[in-house]
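For reference, the structure discussed in these notes is given below.
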Amino acid sequence: MARMGLLVSPELCIGCRACQVACKAWNQLPGDKTTNRGAYENPGDLTPHLFNRIRFVEVPSEKDPLRWLFVNQRCMHCEDAGCMKICPAPGALYRTPEGAVAVDKNKCIGCKLCLAACPFNVPRYDEQGKCTKCHLCFDRIANNLQPACAKTCPTGAISYGDRQELLAKAQKMGHQKVYGQMDLGGLGALYAFRDAPKVYGYDEKPQINEMVVFWHKYLKPLSYIGIGGVAAATLLHYVAVGPHKVKEDGDE
Amino acid sequence: MFVELSRELAKEKGINNGDKVTVSSARGSLWAVALVTERFKPFSVMNTTIHQVGIPWHYGWQFPKDGSGGESANLLTPTIGDPNTMIPESKAFMVNIEKARG
């Protein structure tokens, strides 16, 4: 199956936050009690019950002193996903046939390693200590429906479709470079930025934490050597020395 | 309740984004969270600097039940109207804004 994805165009977004509401409605997520911290964005960050949100970013400049950007923050569904790489529970974080990174709460062991491994600070842990995050509405897209956020978006700022077609669409809209086209093996959520990603609050070159790569590539294989070594040494000891015998005339 | 104000006015009054402030008019006063933004700019009218602040007509003590939403803008509005159109003139009026004490 072709890899599916989302195309997010912040310049088209009007900041209505219907995507947040639609996501909560479809995924049956409860509301979060929040306080006003002096911003229109609410809640202030992704929570265990909020899989996507709109960030309101004021970027005044000489040319446009009133520039106000509305950027959708969500799981990017990376091809080279740090969370999937580090996750020690088989099948807890898995890739759906459509290319989404989804969570199986029943298999999640709550180790929180994915928090450190995510380059976009997306996974959250709920009250049961299980990982939660955007799963691209895998239950909807498997049945040929759009994700709830894309379905509800009134301006087409979030559009869903075949990833290659979305890239072509972005190019037709005049975006020579699309954020996420090549980053981390290609992101599932493509961002059509008009300026440097930094203006929108994204890293120029998103990278998985080096410690995570180091852990996964070098330390983890080392542990197998350790386990294997212990087993081999035990076997060797058994063959060479034999089982331990208690002396009958011993003091104890 | 929140009140939007310009960076210039915020600097003048020593208000930071997210601070609790008191907005008062001739009729009443309320507390609000300051939202310092670029979208408000001071006007220069006849060589006098005039600041504008913005308040939504929302909130009140009824919901949420614990009153955390804050007070209603109706506490500030004047009770005057346009006799020709019979429309209350409660959208623009003079207020003072200062950092909430305590």
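Tallying residues that are loosely packed, with under 10 Cβ neighbours inside 10 Å and either polar (S, T, N, Q) or over 12 Å from A:Ala116 (Cα atoms) (or both) within segment A:206-221 yields 1. Taking the conditions (1) touching a residue at least 40 places away in the same chain (Cβ under 8 Å); (2) assigned by TED's automatic domain parsing to the domain that holds A:Val57 in turn, A:Gln146 satisfies each one other than (1).
Of all the residues in segment B:1-35, those that are touching a Ser or Thr at 6+ places or on another chain (Cβ under 6 Å) and under 22 Å from A:Val59 (Cα atoms) number 1. Every condition in (1) under 30 Å from A:Ala100 (Cβ atoms); (2) surrounded by fewer than 12 Cβ atoms within 10 Å (Cβ to Cβ) is met by A:Gly186 except one, and the failing one is (2).
Scanning segment A:47-63 for residues that are within 12 Å of another protein chain (Cβ to nearest Cβ) and among the aliphatic types (A, V, I, L, M) yields A:Val57, A:Val59.
Residues checked against (1) among the aliphatic types (A, V, I, L, M); (2) in the same structural domain as A:His216 (by TED's automatic domain parsing); (3) without any contact (Cβ under 8 Å) to a residue 12 or more places away in the chain; (4) farther than 26 Å from B:Asn16 by Cα:
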{"position": "A:Leu12", "(1), (2), (3), (4)": "yes, no, no, yes"}
{"position": "A:Lys24", "(1), (2), (3), (4)": "no, no, no, yes"}
{"position": "A:Leu29", "(1), (2), (3), (4)": "yes, no, no, yes"}
{"position": "A:Leu46", "(1), (2), (3), (4)": "yes, no, no, no"}
{"position": "A:Pro90", "(1), (2), (3), (4)": "no, no, no, yes"}
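Whenever a residue of segment B:77-102 is of a type in the set (Asp, Glu), its partners that are exposed (fewer than 10 other Cβ atoms within 10 Å of the Cβ) and at pLDDT 85 or above, lying with C-beta atoms within less than 8 angstrom and at least six residues away or across chains, give the pairs B:Glu89/B:Asp82.
One line per residue, one yes/no per condition, for (1) modelled with pLDDT under 90; (2) among the charged types (D, E, K, R):
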{"site": "A:Gln164", "(1), (2)": "no, no"}
{"site": "A:His175", "(1), (2)": "yes, no"}
{"site": "A:Tyr179", "(1), (2)": "no, no"}
{"site": "A:Asp195", "(1), (2)": "yes, yes"}
{"site": "A:Tyr200", "(1), (2)": "no, no"}
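Just one of the listed residues (B:Glu8, B:Glu38) is in contact with a strand residue (DSSP E or B) (Cβ under 6 Å, 6 or more places away or on another chain) and charged (D, E, K, R), namely B:Glu38.
When segment B:2-42 is limited to residues that are surrounded by fewer than 17 Cβ atoms within 10 Å (Cβ to Cβ) and among the acidic types (Asp, Glu), the one that is nearest to the other protein chains (Cβ to nearest Cβ) turns out to be B:Glu38.
You will find that of A:Gly31, A:Gly38, A:Gly82, A:Gly44, the residue that is under 20 Å from the mean Cα position of the chain (by Cα) and within 14 Å of another protein chain (Cβ to nearest Cβ) is A:Gly44 and no other. Taking segment A:100-138 as the range and being buried (at least 18 other Cβ atoms within 10 Å of the Cβ) and among the small types (Gly, Ala, Ser) as the test, the residues that pass are A:Ala100, A:Ala102, A:Ala117. Without any contact (Cβ under 8 Å) to a residue 40 or more places away in the chain, within 16 Å of A:Cys23 (Cβ to Cβ) and assigned by TED's automatic domain parsing to the domain that holds A:Trp26: is that true of A:Ala102 in this structure? Against the criterion (without any contact (Cβ under 8 Å) to a residue 40 or more places away in the chain, within 16 Å of A:Cys23 (Cβ to Cβ) and assigned by TED's automatic domain parsing to the domain that holds A:Trp26), A:Ala102 qualifies.
Conditions first: (1) in a strand (DSSP E or B); (2) surrounded by fewer than 11 Cβ atoms within 10 Å (Cβ to Cβ). B:Lys91 passes all but one, so which condition is the exception? The one condition B:Lys91 does not meet is (1).
Applying the criterion of at least 1 residues that are surrounded by fewer than 19 Cβ atoms within 10 Å (Cβ to Cβ) to the strands (runs of 3 or more DSSP E) found wholly in segment A:1-99 leaves A:53-58, A:68-73, A:93-95.
The values are calculated or read from the model by the stated rules, or taken from the named source; none is laboratory data. All values derive from a computational prediction rather than experimental measurement. Cβ: placed from backbone, ideal geometry, glycine included. Neighbour counts: every protein chain shown.
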